[in-house]
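This report concerns only the one structure given below.
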Amino acid sequence: MQQVNVKFNDVDQIREFVSIIDKIDANFDLGSGQRIVDAKSILGVMALDFSGPLQLKYDSQDAEIEEKITPFLI
């Protein structure tokens, strides 16, 4: 399982992020603390408090994933 921190500045970034990872064949969990959602669910992601960094966990060893989500990494 890989883990990175991501941050969103607005709703448009969330839409773009979900659109990118929805095309990747892997499971993604996003959240902070005890609140974790499926990162491929736009409603789930928008329900999170995205004013601070969030932890993204995924179950793929594909190095291209981080390249695809680079604009959101912190």
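Values in this text are rule-based calculations from the coordinates and carry no lab data. Values in this document were obtained by computation on a predicted structure and should not be read as measured data. Neighbour counts run over all protein chains shown; Cβ positions are idealised from the backbone, glycine included.
When only alpha carbons are used to place a centre, the stretch 1-15 and the stretch 33-74 end up 5 Å from one another. Note on the chain: dipole from Cβ charges, positive end direction compared against 61, 26, 42; the farthest Cα belongs to 42. Annotation: aspartates and glutamates with alpha-carbon distance below 20 angstrom to residue 68 (same-chain offsets under eight excluded): 10, 12, 16, 22, 25, 29, 38, 59. Each Lys and Arg adds +1 at its Cβ and each Asp and Glu adds -1 at its Cβ; summed about the Cα centre, the chain shows a dipole of about 220 debye. Helix 11-22 and the longest principal axis of the Cα set of the chain meet at an angle near 30°.
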